[in-house]
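Reviewing the structure listed below.
The values are calculated or read from the model by the stated rules, or taken from the named source; none is laboratory data. Only a predicted model underlies this, so the values are computations on that prediction, with no experimental measurement involved. In this analysis, Cβ positions are derived from the backbone assuming ideal geometry, glycine residues included, and neighbour counts consider all displayed protein chains.
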């Protein structure tokens with residue numbers, strides 16, 4: 001979708017649909033009141049009929065607007081006439097876009113950034129509109145023969161007064177960058193395992209590096225990892241015909257010698273469990289075990305597009321975990337980069353080998369850093385029940401090098 005800021009008076013606009021807010025007890029937002037006056041009290045008539053009470057998340061689409069260049073009006077309930085919480089603001093936005101998804105509406109003007117939100121200025125509210133609308137409209141069609149999506153919306157214009165245009169423009173820039181990063185993350189996650197391999201993830205990283213000068217990309221091949229003694233990561237890929245990759249993205253938007261934030265994303269592009277094979281039901285969803293790596297790529301894309309004044313390192317250990325004659329076996333003993341030996345009791349516990357290998361690889365480098373965060377997907381297999389997918393973030397501060405973190409000695413693999 002295309003997003004823009006609109007400062008023209010509401011009554012002069014032409015669009016397929018205008019989104020306005022209404023409160024409980026038949027109270028109107030500023031934009032709703034203005035449109036109500038220019039349409040001979042149309043919105044008041046709808047409210048008096050009881051078609052919408054104004055409860056947060058309620059919606060009513062008015063399909064015929066007499067003598068107006070606005071073809072439709074979507075009324076969105078905002079709850080009580082008082083500042084909304086951030087959660088309720090996003091709830092109202094989600095209800096609005098969901099109401100429009102299966103219509104033929106292409107151009108939309110949204111006035112909901114005028115609502116008072118606790119702790120939310122015009123910049124934040126504008127950004128939320130783009131994030132919520134874009135997230136709800138996403139559909140995976142890349143490998144479908146019919147690429148038609150439910151939502152026909154092509155353009156969203158967000159109303160802002162001239163006095164707050166600067167804040168709105170900043171929110172627009174941030175929202176578009178974050179939405180694009182989320183779209184990339186979702187697309188990579190939804191791709192099948194035969195397409196989104198470790199080599200494919202590496203190629204996506206190189207494409208980002210070509211597009212954004214502030215982003216440098218490098219990849220360690222298996223031969224490089226062997227020289228460095230990365231036995232933990234290489235043990236996971238032994239059962240796969242797809243070679244492992246250790247992908248590094250280096251975003252330099254901050255001070256030249258500024259300490260970077262390090263993001264490590266688990267990039268297991270398919271997890272069959274290895275010799276400790278997973279159950280058949282739900283195994284197709286094991287393509288999602290690379291969502292941590294996809295999140296790192298999406299985050300670095302958004303950072304580069306927003307030109308954030310930060311230094312960020314993204315590390316993605318990418319591999320498959322497959323059964324094979326050369327795969328890890330329960331009982332095998334590995335030697336990690338840190339020199340520690342690891343006994344493998346279950347080959348489906350590869351999540352303990354991939355992210356922390358990258359963690360250790362970065363921690364022993366001479367460069368300093370401000371924080372390390374690991375992003376991963378954990379698959380919880382329970383007897384009989386389908387698998388539960390849990391997303392997690394593990395954060396470690398500067399004390400990683402001196403082993404003062406109580407978790408660290410167990411996980412330095």
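General remarks:
- Checked against the criterion of being on the phi < 0 side of the Ramachandran plot and free of Cβ contacts under 8 Å to residues at least 24 places away in the same chain, segment 289-297 has no qualifying residue.
- Residue check for residue 50: over 24 Å from residue 133 (Cβ atoms) and either loosely packed, with under 14 Cβ neighbours inside 10 Å or at pLDDT 95 or above (or both): yes
- Failed condition for residue 186, given (1) more than 26 Å from residue 70 (Cβ to Cβ); (2) under 21 Å from the mean Cα position of the chain (by Cα); (3) in the same structural domain as residue 13 (by TED's automatic domain parsing): (3)
- Residue-level analysis places residue 181 among those that are more than 30 Å from residue 335 (Cβ to Cβ) and surrounded by 21 or more Cβ atoms within 10 Å (Cβ to Cβ).
- The one condition in (1) in contact with a strand residue (DSSP E or B) (Cβ under 6 Å, 6 or more places away or on another chain); (2) over 22 Å from residue 25 (Cα atoms); (3) surrounded by fewer than 23 Cβ atoms within 10 Å (Cβ to Cβ) that residue 159 fails to fulfil: (3)
Condition check ((1) under 21 Å from residue 4 (Cβ atoms); (2) assigned by TED's automatic domain parsing to the domain that holds residue 156; (3) in contact with a helix residue (DSSP H, G or I) (Cβ under 7 Å, 6 or more places away or on another chain)) across all residues:
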{"residue": "28", "(1), (2), (3)": "no, yes, yes"}
{"residue": "33", "(1), (2), (3)": "no, yes, no"}
{"residue": "86", "(1), (2), (3)": "no, yes, no"}
{"residue": "111", "(1), (2), (3)": "yes, yes, yes"}
{"residue": "122", "(1), (2), (3)": "yes, yes, yes"}
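- Residue list for segment 22-31, filter: touching a strand residue (DSSP E or B) at 6+ places or on another chain (Cβ under 9 Å) and without any contact (Cβ under 8 Å) to a residue 60 or more places away in the chain: 22, 23, 24, 28
- Unique match (being modelled with pLDDT under 85, surrounded by fewer than 21 Cβ atoms within 10 Å (Cβ to Cβ) and under 16 Å from residue 239 (Cβ atoms)) among 349, 367, 363: 349
- Some residue of segment 266-273 being in contact (Cβ under 8 Å) with a residue 60 or more places away in the chain, in a loop (DSSP other than H, G, I, E, B) and more than 29 Å from residue 174 (Cα to Cα): yes
- Any hit, segment 61-76, residues being buried (at least 18 other Cβ atoms within 10 Å of the Cβ) and over 22 Å from residue 12 (Cα atoms): no
- Among the residues of this structure, residue 19 counts as one that is surrounded by 13 or more Cβ atoms within 10 Å (Cβ to Cβ) and either assigned to a strand (DSSP E or B) or free of Cβ contacts under 8 Å to residues at least 24 places away in the same chain (or both).
- Residue-level analysis places residue 287 among those that are buried (at least 21 other Cβ atoms within 10 Å of the Cβ) and modelled with pLDDT of 90 or more.
- Subset of segment 77-124 [assigned to a strand (DSSP E or B), surrounded by fewer than 22 Cβ atoms within 10 Å (Cβ to Cβ) and in contact (Cβ under 8 Å) with a residue 60 or more places away in the chain]: 107
- Residues in segment 144-171 that are touching a residue at least 24 places away in the same chain (Cβ under 8 Å), part of a helix (DSSP H, G or I) and out of contact with any helix residue (DSSP H, G or I) (no Cβ under 6 Å at 6 or more places or on another chain): 162, 165, 169.
- Taken over segment 274-293, the criterion of being more than 30 Å from residue 313 (Cβ to Cβ) and part of a loop (DSSP other than H, G, I, E, B) is satisfied by 275, 276, 277, 278, 279, 280, 281, 282.
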